[in-house]
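Where a number appears in this text, it was derived from the coordinates with a stated rule and is not lab data. All figures in this text were calculated on a predicted structure; none of them were measured in a lab. We place every Cβ from the backbone using ideal geometry, glycine too, and count neighbours over all the protein chains shown.
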Amino acid sequence: MLIYHELIELRDKLANNEIGLELAKEKCWSGFKEGQRSWHTKDWKDRRSKFIKEKCEICSSEETLTIQHFSHPKKYSEFKREITRTYAKDYIDTNPDIDKSEFTAHVLKKYEYVPIPLCPNCMCKNPRERVRKIPKYRCADCKQEFEEAIYRTEIELISIFYQDEDAYEVRDRCFISKDKWRNNHNLSNIRYWLQRELAKNKDAVTIEKKAFLLYLNDNIKYLSFEDTITACKKCASSFDLHKMELCPKCKKHYKGIQYPTCIQCLPEEKRKAAMEKIEFGKEWQEMHKRLGID
């Protein structure tokens, strides 16, 4: 695991093209072990001792002090996904159209087609299938009864899509991806993911390098203690585990970070309403426990 100054050096070399992307990744992640954390390193402990204050900056307690981060590094895959999405948008804006034959070949190769049954009289989707009565189907729209539904082919749907991409007929997610995810898509979804893949392939190296630099910067920021304060164990765990912080008004009770004050500091009428809501929630949870549906 690289320490703070080593990450800065690696980031600068990659940004200045003094080292290749793959080698930079290897140096960053080489020797990484499961469960290894930055705060276990000597470098972290040495710099922490210079940064940490003598008391909690939230409640002024001097017991069990720690460094409280307000943000944590994102994964490299998250940055890569965000950058890819941006490049895909730019690619789609400048290349909005895909050749019909190319798109058709892609759909036939990458997706399984599960056609939607149609009424042969009015072409309404999903006529009602009956188990006991015959004929087997009855159309909910035109009331026609029939034994066999009809289906459009992939080619027919693609032709309709190229005539009008917002057409009613092409909205169904009747195409299943042949990858391990087996996701359902409609033709509009398929076009987007194809354009995204084309954009990704066109600028693969640039996308990965930008994403990795953002990943390094995010980790450097975390290790620098830039977005942190000194907090006691109680204040730190309240924030991390429950998203709660000390009320700035009374400095006694904790509140959700989305609220301006704690319940006790609310005006009487609002405080009473909040307490009633909390009690109702507790009673509801207790009832669920008794019924075995918690």
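Brief remarks follow.
- Length-normalised contact order of the chain in % [C-alpha pairs under 8 Å, at least 6 apart]: 23 percent
- Principal semi-axes in Å for the range 1-68 [√(5λ), Cα gyration tensor, largest first]: 33, 14, 9
- Highest average packing first - 27-38, 185-196, 266-277, Cβ atoms within 10 Å: 185-196, 266-277, 27-38
- Normalised by the number of residues in the range 1-123, the mean separation of alpha-carbon contacts (under 8 Å, six or more apart) gives a relative contact order of 15 percent.
- Mean Cβ count within 10 Å, highest first, over the residues of peptides 223-236, 103-116: 223-236, 103-116
- Kirkwood's formula applied to the C-alpha pairs of the range 169-249 gives a hydrodynamic radius of 17.7 angstrom.
- The angle between the Cα long axis of helix 76-94 and the main principal axis of the chain comes to about 50°, on a 0 to 90 degree scale.
- Rounded to two decimals, the Cα radius of gyration of the range 146-209 over 2.2 N^0.38 Å is 1.46.
- When the Cα convex hull of the range 82-219 is projected onto planes of every orientation, the mean area is 11.5 nm².
- Projecting the Cα atoms of 68, 149, 83 onto the charge dipole of the range 52-190, computed from C-beta unit charges around the Cα centre, puts 149 farthest toward the positive end.
- Between 0 and 90°, nearest 10: helix 154-163 axis offset from the chain longest Cα axis: 80 degrees
- Scaled radius of gyration (Cα, divided by 2.2 N^0.38 Å) that the chain gives: 1.54
- FRET efficiency, residue 279 to residue 233 (Cβ-Cβ, R0 25 Å, nearest 0.05): 0.25
- A protection proxy built from the mean count of other Cβ atoms within 10 Å ranks the segments 154-165, 13-24, 125-136, most packed first, as 154-165, 13-24, 125-136.
- Hydrodynamic radius by Kirkwood, which averages 1/r over all alpha carbon pairs of the range 246-291, in angstrom: 11.8 Å
- The chain: angle of helix 204-223 to the longest principal axis, Cα-based, in degrees nearest 10: 30 degrees
- Angstrom value of the Kirkwood radius, inverse mean 1/r, which spans all Cα pairs in the range 111-170: 12.5 Å
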